[in-house]
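Written out below as structure tokens is the structure these notes cover.
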Amino acid sequence: VQLQASGGGLVQPGGSLRLSCATSGIDFRIYSMGWYRQTPGKQRELVALITSGGTTNYADSVKGRFTISRDFAKNTMYLQMNNLEPEDTAVYYCRAARTTTEYWGQGTQVTVSS
């Protein structure tokens with residue numbers, strides 16, 4: 001099983017980034033997928049979730065700015081991040097989960113700074 005997160009980088013406040021999480025080795029159709037983020041000294045926190053049926057859930061801090069989506073043909077999940085703020089700076093991780101099984105990607109760094 002592999003979850004490959006990509007798309008991070010350095011962006012100015014107000015800018016946009018699109019993260020991708022390419023999966024292999026799992027039946028992507030039946031897993032709930034999520035993005036999480038973590039900064040040094042803090043716990044990993046949920047950013048956004050999308051179920052196999054397409055239901056989405058967002059952290060209050062990103063509502064209206066971030067959009068989670070998934071492409072079943074490509075077995076890939078995305079996070080479109082708009083109007084980025086310095087507080088969004090973190091390592092972003094993708095996760096696949098189903099009942100008691102979970103898999104994590106390796107993380108991609110997002111830095112929002114002028």
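The values are calculated or read from the model by the stated rules, or taken from the named source; none is laboratory data. Treat the numbers as computed from the prediction; the structure is a model and nothing was measured. FYI the Cβ positions are ideal-geometry reconstructions off the backbone, even for glycines, and counts take in every protein chain you see. To get the accessible areas, we keep the full protein, side chains included, count just its heavy atoms, and leave off ligands, DNA and RNA. Shrake-Rupley method; radii C 1.70, N 1.55, O 1.52, S 1.80 Å.
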Please return the ranges of strands (runs of 3 or more DSSP E) entirely within the chain where 1 or more residues are without any contact (Cβ under 8 Å) to a residue 12 or more places away in the chain and over 11 Å from the mean Cα position of the chain (by Cα). 56-58, 66-71, 101-104
Would you check which residues across region 50-65 are surrounded by 14 or more Cβ atoms within 10 Å (Cβ to Cβ) and either of a type in the set (D, E, K, R) or in contact with a Phe, Trp or Tyr (Cβ under 8 Å, 6 or more places away or on another chain) (or both) and list them? Ser52, Tyr58, Arg65
Some residue of region 2-12 being in contact with a Lys or Arg (Cβ under 8 Å, 6 or more places away or on another chain) and open to solvent by 60 Å² or more (accessible area, probe 1.4 Å): no
Tell me, yes or no, whether region 50-73 has at least one residue that is in contact with a Gly (Cβ under 8 Å, 6 or more places away or on another chain), at pLDDT 95 or above and under 20 Å from Ser114 (Cα atoms). no
